[in-house]
1. From the residues in region 51-75 that are under 12 Å from Lys15 (Cβ atoms) and among the acidic types (Asp, Glu), which one is nearest to the chain's Cα centre (by Cα)?
2. Taking region 45-101 as the region of interest, how many residues are assigned to a loop (DSSP other than H, G, I, E, B), within 17 Å of His34 (Cβ to Cβ) and touching a Leu at 6+ places or on another chain (Cβ under 9 Å)?
3. Here is a list of conditions, (1) of a type in the set (S, T, N, Q); (2) open to solvent by 40 Å² or more (accessible area, probe 1.4 Å); (3) closer than 20 Å to Glu101 by Cα, and Gln73 meets all of them except one; can you say which number that is?
4. I'm told Gly148 meets every condition in (1) open to solvent by 80 Å² or more (accessible area, probe 1.4 Å); (2) modelled with pLDDT of 80 or more; (3) assigned to a loop (DSSP other than H, G, I, E, B) except one. Can you identify the failing condition by its number?
5. Within region 82-94, how many residues turn out to be among the small types (Gly, Ala, Ser) and open to solvent by less than 60 Å² (accessible area, probe 1.4 Å)?
6. Identify, by number, the condition in (1) at pLDDT 90 or above; (2) surrounded by 10 or more Cβ atoms within 10 Å (Cβ to Cβ); (3) not hydrophobic (A, V, I, L, M, F, W, C) that Arg108 doesn't meet.
7. Would you please list the contacts, defined by Cβ atoms under 9 Å and residues six or more apart or on different chains, that run from a residue in region 165-187 that is free of Cβ contacts under 8 Å to residues at least 40 places away in the same chain to a residue that is open to solvent by 80 Å² or more (accessible area, probe 1.4 Å) and not in a helix (DSSP H, G or I)?
8. Given the criteria open to solvent by less than 60 Å² (accessible area, probe 1.4 Å), touching a strand residue (DSSP E or B) at 6+ places or on another chain (Cβ under 9 Å) and not hydrophobic (A, V, I, L, M, F, W, C), does Thr39 qualify?
Amino acid sequence: MKKTAQTDGPVIIKKYANRRLYNTESSSYITLDHLAAMTREGRDFKVVDAKTDEDITHNVLTQIIMEEEARGQTLLPVNFLRQLIALYGDSMQAMVPGYLEASMESFRRNQEQFKSAVEGAFANSPFAEIAKRNMQMFEAAAEAFKPGANPVSPTKPAAAAPEKSKDDEIAALKAQLSALKDQVDKLG
C-alpha cells in the first residue's frame with residue numbers, strides 16, 4: 001500500500017443519517033467507491049457519525065469489503081471466513097487482529113520484493129526492448145490522430161521507410177527468443 005503525506009492527520013469523513021458521506025477535506029459528498037480509492041492510494045481517513053461523532057471507520061471499511069465481494073471481486077475464501085467467524089468469542093480472539101495485521105504487512109513486503117525482483121530481471125531483457133518498440137508504435141499511431149497531423153490516405157502511400165526483409169525480422173525474433181530462453185534458464 002502506498003503511503004502519502006498530503007495532510008498531517010487523517011481526513012475526516014462524516015456519515016449522515018441518510019447514509020451520505022461528506023469529505024471535510026474537499027468539502028464534498030463522496031461514495032464508498034471514493035473511500036476505496038483513497039484506501040488504495042494510502043490516504044488515511046476516519047469516518048465519524050455526524051450526529052454522535054462516534055468513530056465508525058471499522059464498520060465502513062467492512063461495508064466496502066462486502067460491496068467488493070458482492071461485485072464478484074472475491075478475495076476472502078469461504079473457509080477463511082468460517083474460521084474467522086469461529087474465532088469470535090474464542091479465548092484467542094484478542095490476538096487475532098494483531099496477527100492478521102502482521103500477516104498482511106508481511107504479505108505486502110513480500111509483494112513489493114517480488115515486484116522489484118521481476119522488474120530487475122526484465123530490465124535488460126528482450127521484454128524491455130519489445131515494450132520500447134511497442135511504445136514507439138503506439139506513439140506513432142497516436143500521432144496520426146492528433147489535430148493537424150497528416151494522416152496517410154489510401155490513395156497516397158506513406159513515405160517509404162527502410163523496411164527490413166521478413167527474413168531479417170524472423171532472425172531478429174529468433175535471437176530475442178533465444179536470449180529470453182537464456183534469461184529464463186538463469187532464473188530457474
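1. Asp55
2. Count: 0.
3. Result: Gln73 passes all but (3).
4. Among (1) open to solvent by 80 Å² or more (accessible area, probe 1.4 Å); (2) modelled with pLDDT of 80 or more; (3) assigned to a loop (DSSP other than H, G, I, E, B), Gly148 violates only (2).
5. Qualifying residue count, region 82-94: 0.
6. Only one criterion in (1) at pLDDT 90 or above; (2) surrounded by 10 or more Cβ atoms within 10 Å (Cβ to Cβ); (3) not hydrophobic (A, V, I, L, M, F, W, C) is unmet by Arg108, namely (1).
7. Filtered contacts from region 165-187: Ala172/Lys164.
8. Judged against the criteria, Thr39 is a match.
The values are calculated or read from the model by the stated rules, or taken from the named source; none is laboratory data. Just so you know, these numbers come straight off a predicted model, no measurement behind them. So basically every Cβ, Gly included, is an ideal-geometry build from the backbone, and we count neighbours across all protein chains shown. What goes into the accessible areas is simple: the full protein's heavy atoms, side chains included, and nothing from ligands, DNA or RNA. Shrake-Rupley method; radii C 1.70, N 1.55, O 1.52, S 1.80 Å.
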